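Asker: Below is the structure I would like to discuss, written out as C-alpha cells.
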Amino acid sequence: MTEAQYKVPKGLAGVSVTDTRISKSASDGSLVYRGYPISEIAANAGFEETAYLVLNGRLPTRSELGTFTRGLLSRSKVDRRIFDIMRGLGKGSHPIDVIRTAVSALGSVDDERTVQEKEMSIESKMSVLAANSRRVPRGEAPRGPKEGLGFAADLLQMLTPKEASDFDRWVFERVLIFYMEHDMNASSFTVRVVASTQADPYAAASAGLASLKGPLHGGANEAAMEMLLDVKDPSKAAKFVDSAIEDGRKLMGFGHRVYKAYDPRARLCKGYLKEMLEKRGEDDTLYRLCDAIEREMWERKKIPPNLDYYAAPIFYLLGIEVPLYTPIFAAARVFGWMAHYNEQVEENKLIRPDSTYVGPSGLKYAPIEKR
Ligand code: CMC
C-alpha cells in the first residue's frame, strides 16, 4: 500500500491547494481582485466592469464592456421548461434547491455552443433564477430584467417591488461586487474539483450552489438577519452574546477562515449601512444593534463580523425577503466560479487527494444469516 506523502490539517486550513491569479484575501484584512484592492474597486467600478476584470484578468475598454454587458443581457431569457420545473418543485422548496435544480436542468436545455457562451448563459440566467426562486415555485409569474438598467439594478428590481434610491442601488451593487469572488472559498473549491474532472460549466455551477447552501458558507447572511430580528434591541446585545457563548452556539455572520482581525468587505458595508440610514433620515436602531453585537463579540471572543453580517441588514433595508439573501450571493458568486472554472481547466490536473485509512482491516466476511 503506498502512503500519502503529506497529511494536511482538517478542513485544509492554511493549505494552499493551487496557484491563482484571480483574487487573494489575507489575514491582515486585505482583499484584491486581479491585483486591485477591494476598496479601489468598490469606490470606482461597476458590477459588469468588475465581473469582466475577474473573468478576464484586466479591466475592459468601453467597447469590451459594452459587448460583455450586451452579451449578458441577450442571454437572460430563461426557457419556459426551466420555469415549469421550478414551479413543479412547489412553494415549500428552499430557494437554493430551486436554483440548483434549475441550473442543472439548464445543462440539458441550453443550446449554447462554446464554453464561454455556456458560462455567460449561466451567469446571466442565475440572477433571473435567483430573483424568481420563491415567486415561481409559489405559482407567481416570473419577473425578468429590463433593458438598460444594468446587472445590479435589474436584479434589485426583480427581487423587490420596493423603489430604491440611487444611493441604495449603488450600495446594492457594491455588495454584489463583494460577493462576486473570494479566492478558495468552499464553493469555488467545489467548482474547481468538478472542473478538474472536465465536466461542463453547468455541472460545476450546480455543485457550487450545493456547497453554497450550508450556513457555514452562503446561508450565513440569512441566519445573521434572523438573529438581528430576534435580538431587536441594542440593549439586549450583551445578554444575547453571553448566552450564545455559554450555550456554545456560533453567531452567524461572525468569524472567517482567513480574516481574523477584520473582513474589509464587512467594514465597507457597515459604513454603507450607516450612510443609507442617514440619507433616508430613518431611525438607526438596526445599525446600533449590529454595532452592539459586533462590540460584544469582539470583547468576549475577539471574533470580527464577516461580509454576511453587514450585507444582511442592507438587504433588509432594501426590502428583500430574507430567504432570497443566499440566492443573491449565488447570483454574484457565479462570476467568480466561472473564473475559477476557466483557470482550473487551463492548467488542469484532476483533483484527487488521498486519505489516511484509520478503519479496521483483515476482517472475515460473515454470511448474512450469521450476522
Ligand atoms: N461564533 C462563535 N464562535 C465562533 C464563530 C462564531 N461565528 N466562528 C468561530 N468561532 C470560534 C469557534 O468556536 C472556535 O472556538 P474554539 O477554538 O474555542 O473551539 C474558534 O472560533 C475557531 O473557529 P473555527 O470554526 O475553527 O474557525 P474556522 O476558520 O474553521 O471557521 C467559519 C470559519 C466561517 C466556518 C466560522 O467562523 C463560522 O462558523 N462562522 C459562522 C458562519 C458564518 O458566518 N459563515 C460565513 C463565512 S464568510 C462568507 C463565506 O466565505 O462564505
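The values are calculated or read from the model by the stated rules, or taken from the named source; none is laboratory data. What you see is a predicted model; the values in this text were computed from it and never measured. As a convention, Cβ positions derive from the backbone with ideal geometry for all residues, glycine included, and neighbour counts pool all protein chains shown.
Asker: Looking at segment 61-76, which of its residues are within 24 Å of the chain's Cα centre (by Cα) and surrounded by 13 or more Cβ atoms within 10 Å (Cβ to Cβ)?
Answerer: Once the filter is applied, which keeps residues that are within 24 Å of the chain's Cα centre (by Cα) and surrounded by 13 or more Cβ atoms within 10 Å (Cβ to Cβ), segment 61-76 yields Leu65, Phe68, Thr69, Gly71, Leu72, Leu73, Arg75, Ser76.
Asker: Continuing with this model, one more query. Has segment 210-230 got any residue that is away from the ligand (no atom under 16 Å from the Cβ) and among the charged types (D, E, K, R)?
Answerer: There is no residue in segment 210-230 that is away from the ligand (no atom under 16 Å from the Cβ) and among the charged types (D, E, K, R).
Asker: Just to check your reading of the model, which residue among Arg249, Arg257 is within 12 Å of the ligand (Cβ to nearest atom), free of Cβ contacts under 8 Å to residues at least 60 places away in the same chain and not in a helix (DSSP H, G or I)?
Answerer: Only one candidate qualifies: Arg249.
Asker: Also, quick follow-up: Among the residues of segment 294-326, write down those that are among the basic types (Lys, Arg) and not in a helix (DSSP H, G or I).
Answerer: Residue satisfying the conditions is Lys302 alone.
Asker: Specify the residue that is nearest to the ligand (Cβ to nearest atom); the eligible residues are those in segment 237-246 that are surrounded by 15 or more Cβ atoms within 10 Å (Cβ to Cβ) and within 23 Å of Asp283 (Cβ to Cβ).
Answerer: Taking segment 237-246 and keeping what is surrounded by 15 or more Cβ atoms within 10 Å (Cβ to Cβ), we get 237-238, 240-241, 244-245.
Checking the rest, the ones that are also within 23 Å of Asp283 (Cβ to Cβ) come to 237-238, 240-241.
On the way: Ala237: 14, Ala238: 15, Phe240: 12, Val241: 9 Å.
Selected residue: Val241.
Asker: Here is a follow-up. Need at least 1 residues that are more than 19 Å from Ala105 (Cβ to Cβ) and among the β-branched types (Val, Ile, Thr) per element, so show me which helices (runs of 4 or more DSSP H) inside segment 119-231 make the cut, counting only ones lying wholly within it.
Answerer: Of the helices (runs of 4 or more DSSP H) lying wholly inside segment 119-231, those with at least 1 residues that are more than 19 Å from Ala105 (Cβ to Cβ) and among the β-branched types (Val, Ile, Thr) span 166-180, 186-196, 220-231.
Asker: Please go through segment 11-65 and pick out each residue that is over 21 Å from Gln116 (Cα atoms) and in a helix (DSSP H, G or I).
Answerer: Those that are over 21 Å from Gln116 (Cα atoms) and in a helix (DSSP H, G or I): Gly11, Leu12, Ile38, Ser39, Glu40, Ile41, Ala42, Ala43, Asn44.
Asker: Another question about this same structure. Would you say Met86 is closer than 14 Å to Pro201 by Cα and modelled with pLDDT of 95 or more?
Answerer: no
Asker: Just wondering, is there one or more residues in segment 267-281 that are outside any helix (DSSP H, G or I) and out of contact with any helix residue (DSSP H, G or I) (no Cβ under 7 Å at 6 or more places or on another chain)? Spell out the reasoning first.
Answerer: Our first condition is that a residue be outside any helix (DSSP H, G or I); within segment 267-281, this holds for 281.
Okay, now just the ones that are also out of contact with any helix residue (DSSP H, G or I) (no Cβ under 7 Å at 6 or more places or on another chain), so 281.
There is at least one residue in segment 267-281 that is outside any helix (DSSP H, G or I) and out of contact with any helix residue (DSSP H, G or I) (no Cβ under 7 Å at 6 or more places or on another chain).
Asker: Give the number of residues within segment 121-154 that are farther than 15 Å from Ser206 by Cα and not charged (D, E, K, R).
Answerer: Number satisfying all stated conditions: 16.
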